[in-house]
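Note sheet for the following structure.
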Amino acid sequence: MIVDRKWLWPLLGGVALVQSAALFDMVYERYRLLKSGRELTLSVHPLDPRDIFRGDYVTLGYDISTLKKSTTESDPDFNGFIPGAAAFVTMSPKPEGGWTETRVGSTYPSGVAAGDIVLKGRVLSAWKSKDGAESIVNVRYGIEKYFVPEGTGRALEDKVRAHKMEAIVAVGSDGTGALKGLVIDGERHEDPPLL
Amino acid sequence: MWSPYKKWLLRDLDRWRTNGWLSEEGRAAIVADIQNSTSAFSLASALGILASVLFGFAAISFVAAHWEDIPRLARLLLLLACIWAGYGVAGWLETRGQTLLADAAVLFSSGMFGASIMLISQMYNISGDPADGLLLWWTGTLFAGAVLRSNPTLALAIVLVGTWSFLNVSESNTVHWPFLIGWTLVTAAFVWQLWWPGLHLSALTLSLFVVSLGYLLGKGHAHELVAVLGVSAAIGSVAIEKTRFDLDHLAAPLFAYAIAVAFAGLFALQFFESPSVVQLLLLAAVTLALLLLAIAYALSRSNRGALWIGYMAFSVEILAIYGQTIGSILGTSLFFLIAAVIVAGLAYLALRLARRSASGEQPA
């Protein structure tokens, strides 16, 4: 460190403040999203637990994690998806309960029906059949990991295998999704709010 | 200053003193000078840096354990307190003149910053881009390193930029161009600090990036590009060395890294692609010729780094050709025989040149 003595403490304090502010911003963004975002309930299937860096978690797969051109309606730019591109999925409530995807696009759609919710994701991979009739994209929404206390990942996974599981997702006005909690066999599991 | 250099210098000084080229006072003055400059890098500061790294890993594991006995808010506040405490200790050490230990404390704080990001991601089940957290971590670390002018923290920043890019590439399998932005920013900080080890880290990460292009561009078969870039950089560094003597210390390491990159590209072309026998033969001949040129140039410039890389690459190349078999085993044998005859001929030429220049210098 080659810092002028006169500036030493102000600079140290400034750096500590900026780093703390960045962390608080991260917390606040999530807090606001979880609080004010519209709720979407999606059925999930667990994939595999554990993260070497961030402890035990359950990987969640959604029906909308894989989108097929043949089964997704009214979708003008399905073929334009490349890995890394943004994908906006419009979700509409089903009459019998639950949600289904009605449109996929690479920009935020204009004129969204009042009941619909647009969820933003990122294309992981895209596949196209030779004749161009069918294409499949894998999309990640940032709601694929649910962290659980150490040692309970397996138990939760077993529970999930035996029962039906749903994820509660809060969606912000720009389409960003945040995983709020899980519903296992009708029972709501949600982390208490931080503040 | 490195101790091997000190050892060499002390031995040479003794010899020069015995030969009478150096006065006793001159020798004493030089020895005192190198003793002074070596004290800058002490065992205490090295241990301080290592301790910071260990603290960082401890904090990350602490987060990973997801220990529910302490409420989440308390865990977050604990990590925040660690960040502030690190900067406080850094200021205290700096005012006491312990600059390098203060660097270790700043490094510690940036490690805690990263652990906090992971903890928040975990608390809110954020799984968006695993690389997003690293983006925030490296920008925060670069900020701290640049504002406080702390070299170890800047070193952490370039490592984080590399990891950030690696995660992006391993997920999307496409070139991660934003790497160049992060790389340029951290490298600019290294230049500003005039910190050579940091510039080596920059050169190393950039070399890895260029080599990765060969596997990511052109459906994974762009190794020609890597070889061309490497050879061009090598020619460029030779041009710099010839025209700008004041940039000698920059051109020499650049040459070494360029040789390594060019060889990585040529190696992939020969052994990871599937060239025909003729193509393989041509590529192998070109590679060996380039490596011999590089070794000769490194010798003439006493560029130890490039020399070492040249020898290593030469050995790896020969072992790989031996394993690959050119056409038949007899063909491989013939290839080695021809190469051996050529290299032996070059050795003879070099010997004659050396003798001629020696006799030219001393016309007794």
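The values are calculated or read from the model by the stated rules, or taken from the named source; none is laboratory data. What you see is a predicted model; the values in this text were computed from it and never measured. Glycine gets a Cβ as well: all are built from the backbone with ideal geometry, and neighbour counts include every protein chain shown. Note: accessible area is taken over every heavy atom of the protein model, side chains too, but ligands, DNA and RNA are not part of it. Shrake-Rupley method; radii C 1.70, N 1.55, O 1.52, S 1.80 Å.
What is the ratio of the Cα radius of gyration of the protein assembly as shown to 2.2 N^0.38 Å, where N is its residue count, to two decimals?
Expressed relative to 2.2 N^0.38 Å, the Cα Rg reads 1.23.
For each pair in A:Lys69/A:Lys94; A:Lys68/A:Lys164; A:Lys94/B:Lys219; B:Lys219/B:Lys242, compute the distance between the two Cα atoms and list the pairs where it is over 31 Å.
A:Lys94/B:Lys219; B:Lys219/B:Lys242
Given 25 °C and 0.890 mPa s, compute D for the range B:29-158 with the Stokes-Einstein relation, Rh being the Kirkwood radius over Cα pairs; round to the nearest whole µm²/s.
155
If the convex hull of the alpha-carbon atoms of the range B:159-210 is projected onto planes in all directions, what is the mean projected area in square nanometres?
Here the figure is 3.2 nm², rounded to one decimal.
Using label points projected 7 Å from each Cα along Cα→Cβ, tell me how many nm separate B:His221 and B:Val53, to one decimal.
4.1
Defining a contact as two alpha carbons under 8 Å apart and six or more residues distant in sequence, what relative contact order in percent does the range B:99-190 show?
27 percent.
In percent, what relative contact order does chain B have, based on Cα pairs under 8 Å that are 6 or more apart in sequence?
RCO, chain B: 8 percent.
Relative to the longest principal Cα axis of chain B, at what angle does helix B:130-147 sit, 0 to 90 degrees, rounded to 10?
Its long axis makes an angle of about 90 degrees.
How much area per residue is accessible in the range B:56-148 when the probe is 1.4 Å and only protein heavy atoms are counted (Å²)?
Accessible area per residue: 34 Å².
Accessible area per residue for the range B:222-364 in Å², computed with a 1.4 Å probe and the full protein assembly in place, what is it?
Per residue, the range B:222-364 has 60 Å² of solvent-accessible surface.
Ordered by residue, what ³J(HN,Hα) values in Hz, to whole numbers, does the range B:244-252 give under the Karplus form 6.51 cos²θ - 1.76 cosθ + 1.60, where θ = phi - 60° and Gly and Pro are x?
Coupling constants for the range B:244-252: 10, 5, 6, 9, 3, 5, 8, 5, 4 Hz.
What angle, in degrees between 0 and 90 and rounded to the nearest 10, separates the Cα long axis of helix B:151-172 from the longest principal axis of the Cα atoms of chain B?
Relative to chain B, helix B:151-172 is tipped by roughly 80 degrees.
Put a dot 7 Å past each Cα toward the Cβ at B:Asp33 and A:Ser92; how far apart are the dots in nm?
Roughly 8.3 nm, to one decimal.
With a 1.4 Å probe and every protein chain kept in, tell me what percent of the accessible surface of the range B:228-346 is carbon plus sulfur.
77
Add +1 for every Lys or Arg and -1 for every Asp or Glu among the other residues with Cβ under 13 Å from the Cβ of B:Ala298, and state the total.
+1
When Lys and Arg each count +1 and Asp and Glu each count -1, what net charge do the other residues less than 14 Å away from B:Ser109, Cβ to Cβ, add up to?
So the surrounding residues net to -2.
If you take each beta carbon of peptide B:143-150 and count the beta carbons of other chains within 10 angstrom, what is the mean?
Average per residue, whole number: 5.
Need one number: nm distance between label points at B:Leu346 and A:Ser70, each 7 Å from Cα along Cα→Cβ, rounded to one decimal.
6.0
Beta carbons within 10 angstrom, averaged per residue: use that to sort the peptides B:344-351, B:9-16, highest first.
Highest mean packing first, the order is B:9-16, B:344-351.
Tell me, what is the FRET efficiency for B:Arg301 and B:Ile338 to the nearest 0.05, using R0 = 25 angstrom and their Cβ-Cβ distance as r?
E between B:Arg301 and B:Ile338, to the nearest 0.05, is 0.30.
For the charge dipole of the protein assembly as shown, defined by +1 on Lys and Arg C-beta atoms and -1 on Asp and Glu C-beta atoms about the Cα centroid, which residue among B:Trp21, B:Ala256, B:Ile181 has the Cα displaced farthest towards the positive pole?
About the Cα centre, the residue reaching furthest to the positive side is B:Trp21.
Out of residues 5 or more away from A:Leu60 or on other chains, whose amide H comes under 5 Å of its own, with H placed 1.01 Å from N in the peptide plane?
Distant-sequence amide H within range of A:Leu60: A:Leu47, A:Lys145, A:Tyr146.
Apply the Karplus parameterisation 6.51 cos²θ - 1.76 cosθ + 1.60, with θ equal to phi minus 60°, to every residue of the range B:289-304 and state each ³J(HN,Hα) to the nearest whole Hz, in sequence, with x for glycine and proline.
5, 4, 5, 5, 4, 4, 5, 4, 5, 4, 5, 5, 9, 6, 8, 5
From the phi angles alone, apply the Karplus equation (6.51, -1.76, 1.60; θ = phi - 60°) to the range A:173-179 and give each ³J(HN,Hα) in whole Hz, x where the residue is Gly or Pro.
6, 8, x, 5, x, 9, 6
Give the B-A buried accessible area in Å², both sides summed, 1.4 Å probe, nearest 100.
Roughly 4400 Å².
Note the full-extension length gain between A:Ser43 and A:Val18 as 0.36 nm times their separation in residues minus their Cα-Cα distance, in nm to one decimal.
My answer for the length gained is 5.0 nm.
Using modelled backbone amide H atoms (1.01 Å from N, in-plane), which distant-in-sequence or interchain residues come within less than 5 Å of A:Ser125's amide H?
A:Asn138
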